[in-house]
1. Considering the stretch 201-240 alone, what residues qualify as being in contact with a helix residue (DSSP H, G or I) (Cβ under 6 Å, 6 or more places away or on another chain) and of a type in the set (Gly, Ala, Ser)?
2. Among what's in the stretch 117-150 and is charged (D, E, K, R) and modelled with pLDDT under 90, pick the residue that is nearest to Ile281 (Cα to Cα).
3. Suppose we filter the stretch 153-186 for residues that are more than 13 Å from the chain's Cα centre (by Cα), open to solvent by less than 40 Å² (accessible area, probe 1.4 Å) and not β-branched (Val, Ile, Thr); how many remain?
4. Only one of these conditions is not met by Thr8: (1) at pLDDT below 95; (2) assigned to a strand (DSSP E or B). Which number is it?
5. What number of residues in the stretch 198-220 are surrounded by 15 or more Cβ atoms within 10 Å (Cβ to Cβ) and within 15 Å of Ala183 (Cβ to Cβ)?
6. Filter the stretch 90-146 for residues that are of a type in the set (Phe, Trp, Tyr) and surrounded by fewer than 18 Cβ atoms within 10 Å (Cβ to Cβ) and give the result.
7. Can you go through Val153, Val181, Val142 and tell me which one is closer than 14 Å to Trp59 by Cβ and assigned to a loop (DSSP other than H, G, I, E, B)?
Amino acid sequence: MIRIPPSTVAGFIAKFAVATLLMAASPAAARDGRAGGKLMLTNGVTTIEGSSGGGVSTWALIAGNETVDGIGGSAHVSVILLPDYRWESHGAAIGVHDRLELSYARQNLDTRDVGVKLGIGRGYTLNQDVFGAKLRIAGDAVYGSAYLPQIAVGVQYKHNLDAPIVAAVGGRHASSTDLYVAATKLLLRQSILLGTTVRYTKANQNGLLGFGGDRGGSRTVQIESTLGYQISRQLVVGGEYRSKPDNLGFARENDWKTAYAAYAISKNLTATAAYVDLGSIATAERQRGGFLSLQTAF
């Protein structure tokens with residue numbers, strides 16, 4: 001089990017960023033950028049945690065339209081409408097030399113009528129901040145060998161703003177850190193997008209119900225995957241899968257599945273729509289609904 005005290009996370013992310021900037025400044029990293037920036041959609045859309053990827057799975061792509069010589073970024077607003085909940089996220093990310101990504105997202109979960117059953121009141125909104133850093137360490141998602149994907153490592157520090165609720169539902173901690181390794185490849189000739197992420201986490205419902213519980217307090221390895229087909233330069237359709245921990249005895253937690261379509265309205269604006277199946281959330285079964293997201297990038 002890896003333990004990272006909250007007090008060290010900010011320093012870790014800062015050191016991570018400085019180390020990457022030094023790498024980017026080295027002669028080996030100072031190769032020419034490609035004219036016109038990235039191809040459409042090759043910076044990904046924005047995940048529920050604010051990093052670049054799909055809707056629920058993190059990819060190895062770096063935020064922004066920048067190439068190896070520039071600095072870019074993105075901002076997003078996303079919403080998931082479910083039978084018993086309304087989830088919303090907004091945030092921003094910075095991409096440095098297509099190698100380092102720093103991101104932030106605020107997540108809000110409106111419990112609606114379920115809040116009454118949980119004893120916290122109708123419409124009580126759970127809140128969480130997610131700070132992330134991602135470093136591309138090998139490969140290229142678009143160019144180079146078809147057998148070597150773009151590979152990135154990342155860290156996400158999640159801070160739940162409702163510690164009393166976390167304790168009440170049986171969560172052991174209100175803050176924790178996820179670690180992950182992601183691999184992503186776009187096979188241009190076949191127009192196929194492939195991605196897999198291995199995440200080390202103990203988050204309950206992504207952290208909105210805290211971390212760890214009576215059924216388990218340690219981090220476990222979880223898998224995220226995506227398969228997409230690029231219909232045109234502007235449109236990608238596909239599906240995602242994300243396995244989840246199941247730490248809370250009072251409410252089981254299911255793996256997540258989505259079917260999505262991402263459309264690049266322009267080089268700077270992307271809209272994503274998806275059908276999501278999030279299973280059981282805090283005693284409410286069959287949470288299936290729609291995901292909508294708008295992302296602007298530069």
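The values are calculated or read from the model by the stated rules, or taken from the named source; none is laboratory data. What you are looking at is a predicted structure, and each value in this text was computed from that prediction instead of being measured. We place every Cβ from the backbone using ideal geometry, glycine too, and count neighbours over all the protein chains shown. Each accessible area value is taken on the protein alone, full model and side chains, heavy atoms only, with ligands, DNA and RNA left out. Shrake-Rupley method; radii C 1.70, N 1.55, O 1.52, S 1.80 Å.
1. Taking the stretch 201-240 as the starting set, the residues that turn out to be in contact with a helix residue (DSSP H, G or I) (Cβ under 6 Å, 6 or more places away or on another chain) are 209-210.
Within the stretch 201-240, Gly210 is the sole residue that qualifies.
2. Ranking the candidates gives Lys117 first.
3. So the count comes out to 10.
4. (2)
5. 1
6. Step one: filter the stretch 90-146 for residues of a type in the set (Phe, Trp, Tyr), giving 104, 124, 131, 143.
Of everything in the stretch 90-146, those that are of a type in the set (Phe, Trp, Tyr) and surrounded by fewer than 18 Cβ atoms within 10 Å (Cβ to Cβ) turn out to be Tyr104, Tyr124, Tyr143.
7. Details: Val153 fails: assigned to a loop (DSSP other than H, G, I, E, B); Val181 fails: assigned to a loop (DSSP other than H, G, I, E, B).
On inspection, the qualifying residue turns out to be Val142.
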